[in-house]
Amino acid sequence: MPCERKPMRYGHSEGHTDVCFDDTGKYIVTCGSDGDVRIWESLDDDDPKSINVGEKAYSLALKNGKLVTAASNNTVQIHTFPEGDPDGILTRFTTNATHITYNSSGSRVAAGSSDFMVKVVEMYDSSQQKTLRGHTAPILSVTFDPKDEFLASASCDGSVAVWKIEEQTQVTSWPLLQKSNDVINAKSLCRLAWQPKAAKLLAVPVETTVQLYQRDSWAQVGTLSDDLGTQAINVVAWSPCGKFLAAGSIGGLLTVWDVESKLCVERQTHEKGYTVCGLAWHPSGGQIAYTDTEGCLGVLDGLSSSSSSSSTTTSSTMTKAPASYDDLFDDDDDRPLDEGISEGARSPAKNPGDEDDDDDLIPATGRARNRSAFLDDENSLDTGSLKQGLDKFVDDVGSAIVLPAAVAAPLRPVYDGPMPTPPQKAFQPGSTPAHLMHRFMMWNSVGIVRGYNDDQDNAIDVEFHDTAVHHAMHLTNSLGHTVADLSQEAVLLACPGTDELASKLQCLHFSSWDTNKEWMVDLPKGEDVQALCLGQGWAAAATSALMLRLFSIGGMQRELFSLPGPVVCIAGHGEQLLVVYHRGTGFDGEQALGVQLLQFGQKRRQVIHGEPLPLSRKSHLSWLGFTAEGTPCFIDSEGVVRLLNRSLGNMWTPVCNTRDNCKGKSDHYWVVGVHENPQQLRCIPCKGSRYPPTLPRPAVAVLPFKLPLCQTTTEKGQMEEQYWRSVLLHNHYGFLSSSGYEIDEEGQSQAQKEQQELLMKMFALSCKLEREFRSVELAELMTQNVVTLAIRYASRSGRMALAQRLSDLALEKANQLQGEEPQEEEEEPLQYTRRNTGYSQSSSEMGADRQHSSHRQAQEEEVDEEQGQEEHMDEGDVAESKRQGLNPFAKGTAASPEKPSPKPVSKEGRVNPFKVSSGLGRSGSAGGQNRVTNVLDSMMSSSKKPTALLSSSGSTGKLNKTPFLKPLAPRPKTKTQSTLLHMNAPKAANKKAAEEREPAVCRLKQTEAPPPASPAEDVENKKHKSGFQLWLEDNRRIILADNPDLEETDVIKEAIGRFRTLSADDRLTWTERAKGQSGDVADMKKRKRGEESRGDKNGQSEADETRQSEADETSAKKKKPLDTSTKLSAFAFNKN
């Protein structure tokens, strides 16, 4: 009796379930602990009818169109079948009923309860009840004698009793079971079953066996057992013919016995080993439905041979076999070679010990049954010889001895490799299955498209989330559209082709400004639309001919190209098109999918070139699309959400697992949208199903993102997860700005602020844990300002070696940024010819803001000296530097706030010291020149006077602040080398000399930190030129002579290239010349300010003031700076 175990499917939430067939066998009916009764047309029914009967449903029975259920509200309810309408309450108990069953005619119902009582109720008159009392514990199960004379019951008190119904008396009782105090604690449900028709035997599951008791005598007449059964049997059920008994065990073993011969004729194992708690035979006897404690429903199919007795003679068995030999290797039912032989013959009755060997040759688990599809006919025996060989090994009892190796050897080889996976069918993301009468054709961030296809109407309803986009529409679906998409511009529909009509693509372009808002295209004969999507100004359709056709939104045909494999689904957003297709055959449950990402617009290119799509193990694709910000995203059937990480070479990163939020294994989340800012996964919870119903309108839930990092329960793991999630989910700012779109500057700066704060917290935690190497790794991700805070934190924590390494790191970053600046200046004239991002800021505003920024930063550093506010002010500096966003040196690091988006300035406000624009003359270079003079050139003198490092930040009146711990401003390579030489030089100045030098240092600070530049000072700033500008003025004619057609931008590019080819000494010479000029101007400024501030101080002459300033500067040049450890100590512990 070979049978096929079909894959199980989710039916109910986790917990106890029950199952039965209707009288005709057309429907499978199940109930579960979710309180629902579901009516399945078949195991493949994706939309079973559901009836809610209470909070939990414990048992059900069905006969004559009346469905009876035992619910958690202590009642036994009646519903009509298959309509599911309530039809009253049959009876009530003081606690919940545990098991119910019909008699053979359907006129009575027996129900057992946890209040120790069994009731027998007449269906036609529920007032006619008989109560059977005698058990001393909750009832486990009840069953009617087919002749309607007796009733058997099992209880948690360990007894199985037989009652005479009419007299309401107990006939006999057997203490067979293990005692328990409740049904949920019982070792077995002990579902009793009375033999139908003949009504001779009562089957009682006891431990791992089934004991058979004879009617009337109540003596035990037999025991059914299976040597492979090691777990207690939970439930038994008789076949309709009464010749076979099926049993399901706690370990998931399903066994079928021939009761007459007491032989095991079928043995199957639950695919996951869960406890079988519901079992029912199909009325025809060819199928068994079973359910488990995880809410799953399964079917054993192909039991038709069970209707004939296995004890028939050998000759009759063998006469039936030849008809099936011809089809032995051609059919697709995956049955083994011994199909014609009865299952009783396949299970020999000799030694139980030999059974293991027999099972190895002809397995009962069905493992090798589906292998024949891969075998050819070259090595097969002819049917005549096979029959002749089989005849030799049949004994007179009717049991076929297993074929010896000599006969088995010539049989064709068995393929034992991985099995191919059926390819996933094409689907439309955001839609429910097409066979449903009422379904969602599309649910996305724009709106909802519903399809109705029933007896009354075949129509499509379009509803918009924002009615300002368009009002709702009702469309007649006369063409039978099955696929739809919706955007801010149009509704796109498609229908499959028929023998008479071609497949059609229909578009309702409701945003069109003309009156003709609809167009339609017929595809070539034999080519059907399988997937479609809409973008910004375009539509795409993937067809069964492995082609992808592009159309404009107005209906013009555009490009078309071939796909590498059958399409699975496509998605569009803006100018991006995402295509997923089958790139080959998957094996062992895996899908082999490939993905392409195409970028339209001005630059048409393919971003992802058919790389494999990474799915979870043995899963399929369930949703594909883009986030609201335009990042490709997909979700597989295991609930894992993956996002495209553009910063990691277009790799896919898992950001969420919806299964973590499901309460039961049968629950799912149906995704309708993904947002990166705020971080949200918008989806619909589906209880016991993969899809939501159309009515009532389902509610949308919001799930958070969480990267699957290790040890996220620890503080370190939580901060790492938050940081990298923030980095990943804000990559879209860089993509949007590079594509010319407007971006949310405020949101971007806020995200960068959060990232830097997380880095600083992780840095502090690493310092606390004495992980200094890890602290430096974190500092490499920080921006310039936050590295400064990290230096302070390390020095104040007494970690001088760490502070020194951070200082070196800051210098390296400065050098790197300085080296990148000329390249940025090359790109600047071309970079901002894209779309206007909506920002305008003049160069004077930029210059003033930059100086204000420096001034504010210096004031923060002063306040930061106060004791007891170290961490608080560290965070304040991070926040303030983020808010300013104008640090010219903070754009090169990985997590720099300035990197992902362009500066919001107009063209003339760009800081480009090398560009000489025609109309605005020197205004563009004035801001840049101011920047070079105030920062870079003043830094050049840091080796001569220690305070120059702070002069660029505009620190005024800060007398006791040791300046050596802020080597963060960029400088040319030669200057940096000289600075490092000085930092490593030994001390050459004593304390007294340093104190004598201090007043001059203060004056230099005051003079070199001007307030926001006035127009007069801007005029002076124009005179400051860098070494490159001086070289360019001298060589401009030569460049123009060589290349007379160059524009100003190209001249600067050519000049940069030539200037870089100069030797280091030549470049240093030009830089020194420029510094000499800026030094003269600075001296002029000092003299001017000296005249203004001298009036009320000591009456010194102008010449004396100048001489004193020069003398101090000369003195500063002669002094060597303190060594590193002295500087750090002074910084950390100087509190005055």
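The values are calculated or read from the model by the stated rules, or taken from the named source; none is laboratory data. The shown structure was predicted, so the numbers you read here are calculated from the model rather than taken from an experiment. Reconstructed Cβ throughout: ideal geometry from the backbone, glycine too, with neighbour counts over all protein chains shown. Areas reflect the complete protein model, heavy atoms only, side chains present, ligands, DNA and RNA absent. Shrake-Rupley method; radii C 1.70, N 1.55, O 1.52, S 1.80 Å.
Kirkwood hydrodynamic radius computed over the range 643-774 comes to 17.2 Å, based on all pairs of distinct alpha carbons. Rounded to whole numbers, the Karplus 3J(HN,Hα) couplings from phi for the range 796-811 are 6, 7, x, 9, 6, 5, 5, 4, 5, 5, 5, 5, 4, 4, 4, 5 Hz, using 6.51 cos²θ - 1.76 cosθ + 1.60 with θ = phi - 60°, and x at Gly and Pro. Ranking L176, A246, A137 by Cα position along the charge dipole of the range 119-261, where only Lys, Arg, Asp and Glu carry charges on their C-beta atoms, puts A137 farthest toward the positive end.
Annotation: amide H of S622 within the under-5 Å range of I635, D636, S637, sequence separation 5 or more or interchain, hydrogens built in the peptide plane. Residue-wise HN-Hα couplings along the range 471-482, as the Karplus relation 6.51 cos²θ - 1.76 cosθ + 1.60 with θ = phi - 60° gives them from phi, are 6, 5, 10, 10, 10, 7, 9, 5, 7, x, 5, 10 Hz; Gly and Pro carry x. Of the trypsin sites (Lys or Arg not before Pro) found in the range 540-613, those that fall in a DSSP loop while having at most 16 other beta-carbon atoms within 10 Å are K603, R604. The accessible-area ordering, largest first, of the residues T101, T585 stands as T585, T101, per a 1.4 angstrom probe. The heavy atoms of E780 present about 100 square angstrom of accessible area, all protein chains included, probe 1.4 Å. Counted by Cβ distance under 11 Å from Q596, the other residues give a net charge of 0, where Lys and Arg count +1 and Asp and Glu count -1. Here the range 148-200 exposes an accessible surface that is 47 percent carbon and sulfur, computed with a 1.4 Å probe and the other protein chains kept in place. For the set R690, R792, the ranking by accessible area, highest first and with no ligand, DNA or RNA atoms included, is R690, R792 under a 1.4 Å probe.
Rolling a 1.4 Å probe over the protein chains gives L695 an accessible area of about 120 Å².
Remark: the range 628-682 carries 36 Å² of accessible area per residue (probe radius 1.4 Å; ligands, DNA and RNA excluded). Going toward the positive end of the dipole of the range 434-525, with +1 on Lys and Arg Cβ and -1 on Asp and Glu Cβ, which of H470, G447, T515 do you reach last? The Cα lying farthest towards the positive end belongs to G447. In the calculated pair distance distribution of the range 51-115, what percentage of Cα-Cα distances lie above 21 Å? Pairs farther apart than 21 Å: 13 percent.
Restriction of the trypsin sites (Lys or Arg not before Pro) in the range 32-138 to DSSP coil positions whose beta-carbon has at most 15 other beta-carbons within 10 angstrom yields R133.
Of the whole protein surface, H582 contributes about 20 Å² of accessible area at a 1.4 Å probe radius.
Where a ≥ b ≥ c are the square roots of the eigenvalues of the C-alpha gyration tensor, would you call the range 129-245 rounded, which needs a/c under 1.5, or, failing that, prolate if a/b is larger than b/c, or oblate? Judged from the Cα gyration tensor, the range 129-245 comes out oblate (a/c at least 1.5, b/c at or above a/b). The share of alpha-carbon pairs in the range 1-145 lying farther apart than 25 Å comes to 26%. Over all other residues within a Cβ to Cβ distance under 15 Å of I89, the charged ones net out to -1, with Lys and Arg as +1 and Asp and Glu as -1.
Restricting the calculation to Cα atoms, the range 571-683 shows an Rg/Rh of 0.97 when the hydrodynamic-style radius is the Kirkwood one.
Amide H contacts of D34 (H built 1.01 Å from N, in plane; Pro and chain starts excluded): S13, A57 sit under 5 Å, all sequence-distant by 5 or more or on other chains.
In terms of accessible area, using a 1.4 Å probe and ignoring ligands and nucleic acids, W623, W724 rank largest first as W724, W623. Close amide-amide hydrogen proximity is noted between V672 and R682, C683, I684, each under 5 Å apart and 5 or more residues distant or on a separate chain (H modeled in the peptide plane; Pro and chain starts excluded). Which loop-located chymotrypsin sites (Phe, Trp or Tyr not before Pro) does the range 482-557 contain, where loop means any DSSP state but H, G, I, E or B and the Cβ has at most 10 other Cβ atoms within 10 Å? Here the sparse-neighbourhood loop sites are W513. Couplings 3J(HN,Hα) of the range 572-578, computed from phi: x, 7, x, 10, 10, 10, 10 Hz, in residue order, whole Hz [Karplus 6.51 cos²θ - 1.76 cosθ + 1.60, θ = phi - 60°; x for Gly and Pro]. Here the translational diffusion coefficient of the range 628-681 follows from Stokes-Einstein with Rh set to the Kirkwood radius across Cα pairs; for 20 °C and 1.002 mPa s it amounts to 178 µm²/s. Under 1.5 on a/c is rounded, so check that first for the range 555-634, then, if it is not, pick prolate when a/b is larger than b/c and oblate when it is not; a ≥ b ≥ c are the square roots of the alpha carbon gyration tensor eigenvalues. In terms of gyration-tensor shape, prolate. Length, then width, then depth: along the principal axes, the Cα atoms of the range 710-789 run 45, 30, 17 Å.
Taking a sphere under 12 Å around the Cβ of A531 and counting the other residues whose Cβ falls inside, with K and R at +1 and D and E at -1, yields a net charge of 0.
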